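Have a look at the structure below before the remarks.
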Amino acid sequence: MFEMLKQLKEAVLKEIEAAKNINSLEDLRIRYFGRKGKITEVLRKLKDLSQEERINIGASANQLKQELELILEQKKKDLGASFEAAREWIDISAPGHKLPRGHLHPRTQVLRKIEEIFQSLGFSVVWGPELETDFYNFEALNVPKDHPARDMQDTFYVDEQMLLRTQTSPMQVRYMEKHEPPLRIIVPGKVFRRDATDASHDCQFYQIEGLMVDKEISVANFKAVIQEFFKRFYGQDTKIRLRPSFFPFTEPSFEVDMVCAVCGGHGCRVCGQTGWLEMMGAGMVHPFVFKSAGYISGQWQGFAFGMGLDRLVMMKYRINDIRLLNSGDLRFLKQF
């Protein structure tokens, strides 16, 4: 019995020394001094001993219990003092550590800037459906049945009448059907085409459609609006030019070029040594489109344009691969 008490003392002292917090000491107290604790069990066994043994061993057991309880309480005080000292050391007035914060995607940053510029010019921002009908995407925009854009290689068809829009232009007719002129809108949104993915092409990308309709709207009005947009977006020295082109839903049609933002018009690899970059397609709204929207023929005039948001982002930040915009790579995104 004396040997058992000695072993218990050594075990308790070892565990008290190793204890790192108040909770571990409380667990120790219950295991050794609780109702079913090991030292309590020793004391209960005294009744089975002779009177002489009960006196000798009982005195030793009680003394051991008192001694260990005192050591246990002192350890609790020491741990409590260490905790208080640590708490006093903390400067509660110091600011906490800031958690890392995300930021807007470069495409979103550019889109908000574009919206801000056009809204200051009197344009409203509207949104249209990404799942579109063949009528609004093609027929209402004067795209014939045999036009190459209708080929399955270019368009993602859901069924014979529904498709993923290939452009934001369908909102021209959709909006004019429900609104009377004069009107000025831009339509940002995602579009889809069955293009092979490379550094400058993707099967999904973003466009911004523009439409302005009134009694007397001319090409000069369009050039003034777009020139002002590019000056505010790229800088006051930005120059643009119009080149003749063709689109089924505008007449006349033209491409809008901007002096290359990389070389300043001197010629480089980005602009093919021409000093100019194609930025948008545009033109005067075709009478067929007004007819599709239910407008009286010859009563209204307007211009429409479409530009690639991704290209604007790439030019503004000198990004050389469109796929980076959809990569989700934080190493890339943290630069903006």
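The values are calculated or read from the model by the stated rules, or taken from the named source; none is laboratory data. Bear in mind that the values here come from a model prediction, so they are computed numbers and not experimental data. Cβ placement follows ideal geometry from the backbone for every residue including glycine, while neighbour counts extend to all protein chains displayed. Each accessible area value is taken on the protein alone, full model and side chains, heavy atoms only, with ligands, DNA and RNA left out. Shrake-Rupley method; radii C 1.70, N 1.55, O 1.52, S 1.80 Å.
Under the rule a/c < 1.5 gives rounded, and otherwise a/b versus b/c splits prolate from oblate, where does the range 158-214 land using the Cα gyration tensor?
Numbers: a/c = 4.54, a/b = 1.75, b/c = 2.59.
In terms of gyration-tensor shape, oblate.
State the percentage of accessible surface on the chain attributable to carbon and sulfur atoms; use a 1.4 Å probe and exclude ligands, DNA and RNA. Walk me through the numbers before you get to the answer.
On the way: 10320 of 19720 Å².
It is 52 percent, rounded to a whole number.
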Over the chain, with neighbouring protein chains present, the accessible area per residue in Å² at probe 1.4 Å is 59 Å²
Keeping all protein chains in place and using 1.4 angstrom, which order do K178, K9, K223 fall into by accessible surface area, from largest down?
K178, K223, K9
Once the Cβ-Cβ distance between D78 and K334 is put in as r, and R0 is 30 Å, what FRET efficiency do you end up with, to the nearest 0.05?
0.05
Looking at [x] 24.5; [y] 21.1; [z] 26.5, which value of Kirkwood radius over Cα pairs in Å comes from a calculation on the structure shown?
[z]
Residue-normalised 222 nm signal for the chain, counting each DSSP H run of n ≥ 4 as -39,500 (n - 2.57), nearest 500 deg cm²/dmol, is -13000 deg cm²/dmol
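Could you list the chymotrypsin sites (Phe, Trp or Tyr not before Pro) in the range 127-213 that lie in coil according to DSSP, counting only those with at most 10 other Cβ atoms within 10 Å of their Cβ? Let's see the in-between values first.
Numbers: sites: W127, F135, Y136, F138, F156, Y157, Y175, F192, F205, Y206; in loops: W127, F138, F156.
When the chymotrypsin sites (Phe, Trp or Tyr not before Pro) of the range 127-213 are filtered for loop state and at most 10 Cβ neighbours within 10 Å, W127 remain.
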With Cα coordinates, the longest principal axis of the chain makes an angle with the long axis of helix 51-89, in degrees rounded to 10, of 30 degrees
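Run through the range 13-78 and list the trypsin sites (Lys or Arg not before Pro) located in a DSSP loop whose Cβ has at most 13 other Cβ atoms within 10 Å.
Numbers: sites: K14, K20, R29, R31, R35, K36, K38, R44, K45, K47, R54, K65, K75, K76, K77; in loops: K20, R35, K36.
Counting only loop positions with at most 13 other Cβ atoms within 10 Å, the trypsin sites (Lys or Arg not before Pro) in the range 13-78 are K20, R35, K36.
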Cα extents of the range 212-261 per principal axis, largest first, Å, are 30, 23, 13
